[in-house]
Structures are given as structure tokens and as C-alpha cells.
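Engineer: Starting off with a structure, shown below.
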Ligand code: AMP
């Protein structure tokens with residue numbers, strides 16, 4: 001069966017066409033600058049690559065063109081081969097505790113959370129509506145970034161603020177990257193043939209979050225009410241003292257929104273290094289002796305190590321630590337910097353085993369108290385698997 005896994009942004013639409021159950025990627029691609037003058041798209045399949053500049057007035061036009069290309073290039077013989085479309089949806093609030101078949105009513109319920117994910121949710125919904133229009137007979141499934149974290153207890157998801165902020169405005173920790181953490185947990189528990197694992201999952205890419213998981217249930221996660229909280233990231237600050245915001249507002253005359261924008265886009269590795277939010281640039285500068293790049297890397301590694309120590313405590317001793325996403329999968333240097341900062345947990349990295357990128361591997365020594373694995377994430381596959389399950393019911 002072929003399933004399309006879709007991630008729609010406000011002006012983009014990313015897709016992967018996956019054959020299940022053998023998990024083969026049949027085609028993948030990206031429609032960019034939808035609704036803007038210089039829109040274009042790229043489709044990769046079978047070693048071929050299509051790149052075209054073409055007017056993409058809206059998401060429905062992009063979906064129609066995608067369908068045309070799939071048929072014209074014989075990627076599918078007829079559109080009937082596409083049995084389901086799975087959509088990444090950022091925010092399902094506290095209401096959505098698992099992936100869902102989508103219809104107009106469910107979309108209306110999801111739209112209630114647009115306010116909590118204003119950059120993503122309306123765009124995700126637009127993507128679903130485009131597929132409903134172009135492929136009216138194909139079932140759509142919503143896979144939320146927030147659902148995996150819905151098992152957290154009140155003690156973890158509440159903030160110690162006036163309780164009415166929670167009851168009146170829904171202010172609580174929601175957590176994000178849930179699909180990635182869930183995929184990593186599933187992969188490592190299948191590999192180790194255990195469904196009772198206590199895992200500290202570290203998703204460290206441009207955005208980053210850690211997650212403490214016990215037997216498939218999330219105990220705690222580092223992102224919060226929004227994806228700005230937790231560890232230091234590429235351009236996001238992670239946790240800071242909230243009093244900094246009104247203080248800097250007074251000093252600079254900026255609005256609260258402008259300061260939050262600085263915390264989202266001008267902080268993290270970029271803010272400290274002054275060079276880039278891309279860890280490769282920061283790493284290169286650090287290797288050349290740039291002091292702020294070295295400082296940025298040290299801070300970055302330390303914040304992650306601190307969260308690992310806290311989560312090890314919450315799990316009463318983790319069985320496994322996993323690293324994934326851009327840096328976790330590819331940066332042997334950052335992996336080493338992090339693991340070297342959790343020596344107090346008896347965790348030790350094996351430099352020879354750590355010398356690779358982009359694969360599933362054990363990177364800790366035989367006598368490391370907690371084994372550390374690199375587990376490449378695959379959110380697209382997780383979305384496709386959920387879709388297959390729901391449409392087959
Ligand atoms: P993601 O958001 O998961 O795509 O991760 C993006 C981050 O991963 C960026 O900061 C990249 O610099 C980083 N990254 C990707 N490849 C490498 C690499 N080979 N070495 C170091 N960092 C990398």
C-alpha cells in the first residue's frame with residue numbers, strides 16, 4: 001500500500017510517498033514559496049530529480065500538480081494507488097491523545113488550537129483541506145507533535161503559576177517533536193526486544209528537545225507551552241528567566257513580541273557565537289579557535305547534559321540514552337561533548353564507535369553504565385505507519 005506523508009507549512013508542502021509495509025520511499029519532494037511570485041517544486045524518485053519553476057497559487061494547486069507529476073512520471077499508475085494521506089499537525093492541545101482520521105468536524109476541533117501554534121497549525125490544516133479537495137475519496141489522518149506527551153502527569157505539565165492560567169487559558173507544558181521521540185522509542189525497543197524500556201531520547205537538530213520515556217509513556221519533556229522552552233537550540237534560547245523580557249523591553253523599546261522573536265530567531269548557538277544557527281558553521285569556527293563559537297558549543301552541550309541528568313533521576317535510572325536529528329545523527333564532536341559531561345552517571349563514549357554519521361549505532365563503551373545509541377529519526381515513516389493503521393480499521 002502507498003501512503004503519502006505530508007508536512008504543510010504556510011508557503012511550503014513537503015511530501016514523502018512510502019510503500020508499506022516494506023517501508024520503501026517511492027518519491028519525495030518539496031513545493032516551495034506557494035502563493036509567492038518565485039514558487040517552485042522538486043520531486044525525487046528512482047534516482048531521478050524533477051525541478052520546476054511554476055506558479056503555485058495555493059496549496060490545492062501544489063497538490064494537483066503533485067498528482068499530475070506522480071502519474072505522468074509513472075511513479076504511480078493511477079491515483080487509486082494512494083490509499084491514505086498522513087499529515088503532520090503541530091498542535092492538538094490536551095484534546096488529541098492519538099493520531100486521528102480527519103474530517104471537517106475534526107479539522108474544526110483542531111483549529112481551536114491555532115492560537116497555540118499560530119505559525120504551523122493553520123498551515124497544517126490548509127494542507128489537509130487541499131488533499132480533501134484534490135483527492136476527495138482518499139482518507140486523511142492527522143499525526144500531532146503533541147500527542148505522545150499527553151501521558152505526562154500534572155506534576156510535570158503544570159507550571160507553578162496561578163492555577164487559573166491553566167484552567168482559563170490552557171497554559172501548561174504540551175511538548176513537541178512527539179512523532180520523532182515516539183519513532184525513536186519504537187525503534188530502540190524493537191531492537192532491544194523490550195517494551196518496558198526507560199529511555200532518555202535526545203532530539204537535537206536545529207530545534208531540540210529531550211524526552212524521558214518509561215515503557216512507551218512520556219514522563220517529561222523539555223519543550224513547553226511552545227517550542228521555545230528547554231535546551232539551547234540553533235537560534236532559540238531554551239529556558240531563561242522570564243524577567244529578562246520586560247527588562248530588555250524597557251532597555252530597547254521593543255515590544256514583547258519582538259523580544260520573543262529575538263528569543264526564537266536570534267538566540268541559541270547563533271546568539272552566543274554571533275556566527276550562525278547552523279552547528280556546522282559554529283563547529284568550523286570553534287575548530288579555528290573562535291572563542292564565542294567554543295563558548296556556544298560548550299553551553300549547548302552542558303544544557304543537554306543537565307537535562308539528561310535530571311531525566312535519569314526522574315526515570316530512577318535510564319536503561320538507554322538515544323541521540324537523533326541533525327546533530328545527534330551527524331555531529332560526532334557534539335555527541336562526545338555531551339557524553340563527556342555526564343560522566344557522573346557512569347556513561348562513557350567509545351571514540352572509535354562514535355566515528356561515523358547518519359546510522360543506527362551503539363556509541364558507548366562496553367562498561368558504560370547506560371548504553372548510548374544513535375537512532376536516526378524518521379517522522380515521515382511514523383506518520384505513514386499511523387495512517388496505514390487508522391485507514392485499515
Ligand atoms: P535538523 O533540524 O534535524 O535538520 O538538524 C539541523 C542541524 O543539524 C543543523 O544545525 C546542522 O548544522 C546539523 N548538522 C547536519 N549535518 C551535520 C554534520 N555533518 N555535522 C554537524 N552538524 C550537522
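The values are calculated or read from the model by the stated rules, or taken from the named source; none is laboratory data. Computed from a predicted model, the values in this text were never measured in an experiment. Note that each Cβ is placed from the backbone with ideal geometry, even for glycine, and that neighbours are counted across all protein chains shown.
Engineer: Looking at the range 69-96 only, could you name the residues that are in contact with a strand residue (DSSP E or B) (Cβ under 9 Å, 6 or more places away or on another chain), closer than 15 Å to residue 148 by Cβ and without any contact (Cβ under 8 Å) to a residue 60 or more places away in the chain?
Structural biologist: 89, 92, 96
Engineer: I'm told residue 275 meets every condition in (1) more than 13 Å from the ligand (Cβ to nearest atom); (2) out of contact with any strand residue (DSSP E or B) (no Cβ under 9 Å at 6 or more places or on another chain) except one. Can you identify the failing condition by its number?
Structural biologist: It is condition (1) that residue 275 fails.
Engineer: Which one of these is at pLDDT below 95 and either in a helix (DSSP H, G or I) or on the phi < 0 side of the Ramachandran plot (or both): 242, 227? Show your work before the answer.
Structural biologist: Numbers: 242 fails: at pLDDT below 95.
The unique qualifying residue is 227.
Engineer: Can you run down the residue pairs with Cβ atoms below 6 Å, 6 or more apart or on separate chains, where the first is in the range 256-277 and in contact (Cβ under 8 Å) with a residue 60 or more places away in the chain and the partner is within 16 Å of the ligand (Cβ to nearest atom)?
Structural biologist: Every condition considered, the pairs that remain are 277/234; 277/235; 277/269; 277/270.
Engineer: Now, a different point. When you scan the range 116-214 for helices (runs of 4 or more DSSP H) that lie fully inside it, which ones turn up with 1 or more residues that are more than 16 Å from residue 224 (Cα to Cα)?
Structural biologist: Answer list for the range 116-214: 121-134, 163-169, 178-191.
Engineer: Output the residue which, of all residues in the range 311-341 that are farther than 13 Å from residue 204 by Cα and free of Cβ contacts under 8 Å to residues at least 40 places away in the same chain, is nearest to the ligand (Cβ to nearest atom).
Structural biologist: Per the criteria, the residue is 336.
Engineer: Let me ask something else. Taking the range 251-272 as the region of interest, how many residues are assigned to a loop (DSSP other than H, G, I, E, B) and within 16 Å of the ligand (Cβ to nearest atom)?
Structural biologist: The total comes to 2.
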